[in-house]
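Comments concern the structure below.
The values are calculated or read from the model by the stated rules, or taken from the named source; none is laboratory data. None of these values were measured; they are calculated from a predicted model. Here Cβ is always computed from backbone atoms with ideal geometry, including for glycine, and neighbour counts include all displayed protein chains. For the accessible areas, the whole protein counts, side chains as well, though only heavy atoms, and no ligand, DNA or RNA atoms are used. Shrake-Rupley method; radii C 1.70, N 1.55, O 1.52, S 1.80 Å.
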There are 2 protein chains.
Amino acid sequence: MTKIRFLPFEVTVEAREGETVLHAAMRAGVHINASCGGAGVCNKCRVFVEEGQVIGESLPEGGYKACTLIPETDLVIRVPVESHLDRRALLRAPKRLASSWIEAAERARAVDIEPAVRKFFLELPPPDLSDNIPDLRRLKRGLKEILGQEPEAEWSLLKRLPYVLREKDFKVTASLYDHPERRIPVILNIEAGDTAQNHLAVAVDIGTTTLCAELIDLNSGQILAETSDYNPQISYGEDVISRIEFARREKGLEILSQKVRERISGLIEELCHKAGVETSKISLVSLAGNSVMTHLFLGLEPRFLREDPYVPVAAFYPPVPAAELGLPGASGAVVEFAPCVASYVGGDIVAGVVAAGFFEEDPLTLFIDIGTNGEIVVGNKDFLACAACSAGPAFEGGGIKYGMRATVGAIEAVHIDYETFEPMILTIGGKKPKGICGSGIIALMANLFLSGLVDRSGKYRRDLDHPRLREGRDGWEYVLVWGEDSASGEDIVFTEADIDNLMRAKGAMFAGYQTLLESVGLSVEMVERVILAGNFGSYLDLEQAITIGLLPDLPRDRFYFIGNSSLRGARLSALSIKAREKMVAVARMMTHFELSAHPGYMDYYMSALFLPHTNLDLFPSVKERLEGGK
Amino acid sequence: MTKIRFLPFEVTVEAREGETVLHAAMRAGVHINASCGGAGVCNKCRVFVEEGQVIGESLPEGGYKACTLIPETDLVIRVPVESHLDRRALLRAPKRLASSWIEAAERARAVDIEPAVRKFFLELPPPDLSDNIPDLRRLKRGLKEILGQEPEAEWSLLKRLPYVLREKDFKVTASLYDHPERRIPVILNIEAGDTAQNHLAVAVDIGTTTLCAELIDLNSGQILAETSDYNPQISYGEDVISRIEFARREKGLEILSQKVRERISGLIEELCHKAGVETSKISLVSLAGNSVMTHLFLGLEPRFLREDPYVPVAAFYPPVPAAELGLPGASGAVVEFAPCVASYVGGDIVAGVVAAGFFEEDPLTLFIDIGTNGEIVVGNKDFLACAACSAGPAFEGGGIKYGMRATVGAIEAVHIDYETFEPMILTIGGKKPKGICGSGIIALMANLFLSGLVDRSGKYRRDLDHPRLREGRDGWEYVLVWGEDSASGEDIVFTEADIDNLMRAKGAMFAGYQTLLESVGLSVEMVERVILAGNFGSYLDLEQAITIGLLPDLPRDRFYFIGNSSLRGARLSALSIKAREKMVAVARMMTHFELSAHPGYMDYYMSALFLPHTNLDLFPSVKERLEGGK
Ligand code: FES
Ligand code: FES
């Protein structure tokens, strides 16, 4: 790892493998003007290499484009005087802390590999006239010696039984399933010979946007392959509401169900291909998704989830034979589902809570999954309360004039120089900017606010004469990218209407924490740990999120990023019946609160429509910074 | 009911509805010469009506054809002197005794109607915001109030659940299934509104030759309709062995399985049509069949049933969804199977033993199902032993020159005048005789023996000069029907080779009783009750069967005819989980003996190849009659 020292700020940062000097500077809080997001076309990201060796494009007027510059050795880089240092450079990087905590916690929890499907190799005595009991009885007798009780068998097994038993002279491997509702195990499958070493499961997170899948070795607990893809239901509706609408059409539900099952089948084939194994060795598929995704996957009517009084068809789903759902796997393979709590608090959250593990610990924890349908859980080993929070699509770029999904060309990181008001931007894939994604929107908002371009009520400073601040067709706006540097040739702007939408989204989340905590007699300051779940959480900059009031202003070491906790929970459930039981326990234990039914919610919400909040005392570190900045 | 007094014998018999004078005479043991089996063409069955009114054909020479004569009032009938009385006229009719015993026993047992599928009408509270639990939870909560525990649900139910619940404002009827291997009930089906009164089951006996089915009302226990048909597998093999052979062909097993399921589906449709009900009200199908029939129905490999060491795939079959077997029924309807004991002692026998009920009583009972594959059970409440007996096809007309199945034109009853040696025959359907079926063969054998035409070793009297006794192409034979009276125009004869085959068949059965009884330390004389099961048993004449040594010579009031006990057992199992549990208990309790493995079997068999037996002391009443007849 090479070190980069930035002058004149005397800030040093370790460069990551393959990372450009521009990216390292953004991480370190060093402002470098960068208008094309790292596409190498604006030529504004000039820096000088004072020491060390680099690869990159030099500029005719001297210096290099920081967005092309890769260190070969330790570097000393001088940023031209037009750029300035931000205090953020001194902040810790909580994401790394978080992951190590989570990994440790997971290691601690994953010690006992005890999957719901177990494989046993049996050397049964071949029948003779003195012992000519039926094949099924012979198999059950052999299994009883191991299990201490006789397992149940389904008739589909009987068809194959006589052939498989005789294939390798009554040496067989049986797959036993621990059905969650029954007290006796079920024989799922038998294979000739000893196949106990080939024992696989798949964990899938069915997100509204993204499907993430892992192939798991049930003997070692290792992840053999990972993959992900878009949820193909997107073609029929971006969000859950529009999919529920589509499901009401003739065959609509069938199409949505079919599409997502097919895509997941494809992902499973892909996982097995990557790992060089056969799908016929998969005994268990563990799925986690929100209530709507789970309903659609199973082909269950979703409309009552969103119609008052918001009733799911089921919250605890029985296991389903993989073959009935068209998924590949061993003969008899079973699909299990993370249980839901309510219409808007689904199996993804329950799986996430199990993965995070705080429901077994003392510290009062706030578990947050930020998104269009945000979810909040608060609790510890004594109680769990949850609520769904309809934040709107701003965090996914929706309702924002130049908002977009986090795909190539989206501005994902922004810094504004507090004196020149010039932006530094980074795009995903280092392509010319097309628009701004969620994390970019939050970064932009935080920077506009801290630089003083926007006041606490979310209005642009009318008194400032700056070319980037102007009254456009849609009211006042800040020009983040000039047309000459953007992909479309149009200016990319951020309007006061965009600010309003973002404030409503973050206000809904914050009012949600407050309301839920108040519902259980607590308040935000009492929270001892905040766990940020979900994809969005992983790309969030903690300081920026606190600055705009999206996250509570608590000591930074109380925050943890857990990533795709839904997938982690699904994996834990595949690996251990204890984890599966915990999911049931968590879903049962969790009390669901309807935020809109709480009398105080509207007041909390209105108070949160400020930057960071009407009550600045709730955000002491932001208050201090604002005062310090004055 | 009209009475018929036969002169000069002074024998009076009650005529049955629609019965001819000839049939009544046969029943009463009154001999009337009848050569065309009642077809009205031989004109030999002349009788004179001395008193009363009749409908029938008169003969030119005076008198009437007895085979056409139906009484309108009480009659006095004079039989011309050429006919004589037989002692059999004084015998009791044990079949009527038997059926009343069985009916009483069945009434006593069938008091508790407690089927495995129960229906419950629920008026669930519709959801509101204060009670918006999932649909499935609402249903389970309602059922828990009734059952005291939460039932299990399969995912297929979930698809229909939200619609059915809302169809009649959360008033629904749930069908709960008591799965034999699980400790919690399963929700099979729900229907909108109150449908608890429509609650049906079907019981089916899958015979090798015949399928018999009943439609049962699970609320009242009443049989709503009955039907039967040939087992369509006959086209692919007459007996179980040839069907096992056919199953080895490409797709053979699939065809056999498919055919019988289709025919049973047709029978179920027919039953519902007859009763004017919908198949969708059938929750349960209860099947009983021998091991091969059950294997073939389920599509399970049958070949190991007949290959040493004779191993069934399973003896206890798990319940199977009717839809997976292509049978009509309610959504979620279940098919259950009577358990088997061994390869040649199947679910039909287990069901039969449960229907007969002797396994719960004190008397030592011999339960016999006579047929190509005869089955013998001996026991009482303390023990049950069983054996299969390969008697060969003689009882079904196989291996007998003019033997045939019991269909129209078969001679089913025979009497021979001990002085004239002229036969009196009755055919099924009153058509010209085509051949002799099982009951006719036994009647003929008994008459040939008692009349002295055949000696104890089964040889015709060589010293007698009678046109009906002759040396034909196949050795010595008795002409039962002259060509002029037969359907084909050929003489119908009964050869010494036929007698040999019949002796081997009855000898195998009798040696079977002796061997099985000896295996458990008992002997034939100790038997306190004999129950004759199966179709063949119903048509058997008790005296004739004892005379030839097919049945043991015990006091006649120890014999009972139970009819199709397999179907009765299947019905009891559908009506009551107690009966279903009894089937399991009986199958577990029954010890299976391999007759051919017993060292004494061959001696017993050789000794039984006499009429009635080498040891005449085993047949005291026959001995007495033979001595009395001298
Ligand atoms: S050229 Fe480097 S950011 Fe534009
Ligand atoms: S005519 Fe009556 S039996 Fe032949």
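Things worth noting here:
- Per-residue packing, averaged as other Cβ atoms within 10 Å, sorts the ranges A:292-300, B:343-351, B:606-614 into the order B:343-351, A:292-300, B:606-614, beginning with the highest.
- If you plug the beta carbon distance of B:Lys578 and A:Thr407 into 1/(1 + (r/R0)^6) with R0 = 51 Å, you get a FRET efficiency near 0.20.
- Relative contact order (%) - chain B, alpha-carbon pairs under 8 angstrom, separation at least six: 13
- Annotation: average projected area of chain A is 31.1 square nanometres, based on the convex hull of Cα atoms across all directions.
- Debye intensity ratio I(q)/I(0), log10, the range A:117-192, q values 0.19, 0.21 Å⁻¹ (C-alpha model): -0.73, -0.89
- Antiparallel DSSP beta bridges within the protein assembly as shown, percent to nearest 5: 65
- Panel note: contact residues of the range A:165-186 (accessible area lowered by at least 20 Å² against the chain on its own; 1.4 Å probe) correspond to A:Arg166, A:Glu181, A:Arg182, A:Arg183, A:Ile184.
- Each Lys and Arg adds +1 at its Cβ and each Asp and Glu adds -1 at its Cβ; summed about the Cα centre, the range B:546-616 shows a dipole of about 560 debye.
- Acute angle (nearest 10 degrees) that the helix A:496-519 long axis makes with the longest principal axis of chain A, alpha-carbon atoms: 50
- Over chain B, accessible surface divided per residue gives 38 Å², non-protein components excluded, 1.4 Å probe.
- Altogether, the Stokes-Einstein calculation at 25 °C and 0.890 mPa s, with the Kirkwood radius of the range B:1-90 over Cα pairs as Rh, returns a diffusion coefficient of 195 µm²/s.
- Partner shielding of A:299-310 amounts to 4, given as the average count of beta-carbon atoms from other chains within 10 Å of each residue beta-carbon.
- Of all DSSP-defined beta bridges confined to the range A:385-468, some 65% are antiparallel rather than parallel.
- For the range B:308-329, backbone nitrogen atoms closer than 19 Å to the point 7 Å from B:Ser390 Cα along Cα-to-C-beta are found at B:308-313.
- Charge context of B:Thr73, other residues only, Cβ under 10 angstrom, K/R +1, D/E -1: -2
- In this structure the amide hydrogen of B:Val481, modeled in the peptide plane, comes within under 5 Å of the amide hydrogens of B:Ile492, none closer than 5 places in sequence on its chain.
- Centroid-to-centroid, using Cα positions, the range A:27-82 and the range B:109-186 are 69 Å apart.
- Pair A:Asn380, B:Ser621: separation of 7 Å Cα→Cβ label points (nm): 8.9
- Label-point gap, in nm, between B:Phe48 and A:Leu7 - each point 7 angstrom along Cα→Cβ: 15.1
- Average other protein chain Cβ within 10 Å of Cβ, residues B:147-158: 4
- Rolling a 1.4 Å probe across all protein chains gives A:Trp482 an accessible area of roughly 60 Å².
- For the protein assembly as shown, convex hull volume per residue from C-alpha positions, Å³: 205
- Interchain or long-range residues, amide H under 5 Å from B:Phe559's placed H: B:Val530
- Each residue of the range B:279-286 is assigned a 3J(HN,Hα), and the resulting list reads 4, 5, 9, 8, 9, 9, 10, 10 Hz, derived from the Karplus form 6.51 cos²θ - 1.76 cosθ + 1.60 (θ = phi - 60°), x at Gly and Pro.
- The largest-to-smallest principal axis extents of the Cα set in the range A:233-335 are 47, 28, 21 Å.
- Against chain A, whose longest principal axis is taken from its Cα atoms, helix A:438-450 shows a tilt of about 30°.
- Dipole size of the protein assembly as shown about its Cα centre, with +1 on Lys/Arg Cβ and -1 on Asp/Glu Cβ: approximately 20 debye, rounded to the nearest 20.
- Each distinct pair of alpha carbons in the range A:465-540 adds a 1/r term; the inverse of their mean, the Kirkwood radius, is 15.7 Å.
- When the helices of the protein assembly as shown are scored as -39500 (n - 2.57) per DSSP H run of n ≥ 4 and the total is divided over every residue, the value at 222 nm lands at -9500 deg cm²/dmol.
- Computed on the range B:117-192, with alpha-carbon pairs under 8 angstrom and 6+ residues apart, the relative contact order is 38 percent.
- Here the Karplus relation 6.51 cos²θ - 1.76 cosθ + 1.60, evaluated at θ = phi - 60°, turns the backbone of the range B:396-407 into coupling constants of 9, x, x, x, 10, 3, 10, x, 7, 5, 7, 10 Hz, with x for every Gly and Pro.
- The long axis of helix A:565-575 is offset from the longest Cα principal axis of chain A by roughly 20 degrees.
- Cα centroid separation - the range B:580-600 against the range A:210-250, whole Å: 55
- Restricting the calculation to Cα atoms, the range A:374-478 yields a radius of gyration followed by a Dmax of 16.9, 56 Å.
- Carbon plus sulfur fraction of accessible area for the protein assembly as shown, probe 1.4 Å, in percent: 48
- Listed residue (A:Ala34, A:Val79, A:Ser58) projecting farthest to the positive dipole end of the range A:1-90, Cβ model: A:Ala34
- The dipole here belongs to the range A:117-192: it is taken about the Cα centre, uses +1 on the Cβ of Lys and Arg and -1 on the Cβ of Asp and Glu, and is about 80 debye.
- Cα gyration tensor category, rounded, prolate or oblate, for the range B:152-199 with a/c compared to 1.5: oblate
- Here, P(r) means the percent of Cα pairs in each 5 Å bin from 0 to the largest distance; for the range B:417-566 it is 2, 8, 16, 19, 19, 15, 10, 7, 4, 1, 0.
- Length-normalised contact order of the range A:1-90 in % [C-alpha pairs under 8 Å, at least 6 apart]: 35
- Note on B:Leu464 and B:Glu167: the model spin-label points, each 7 Å out from Cα along the C-beta direction, lie 7.2 nm apart.
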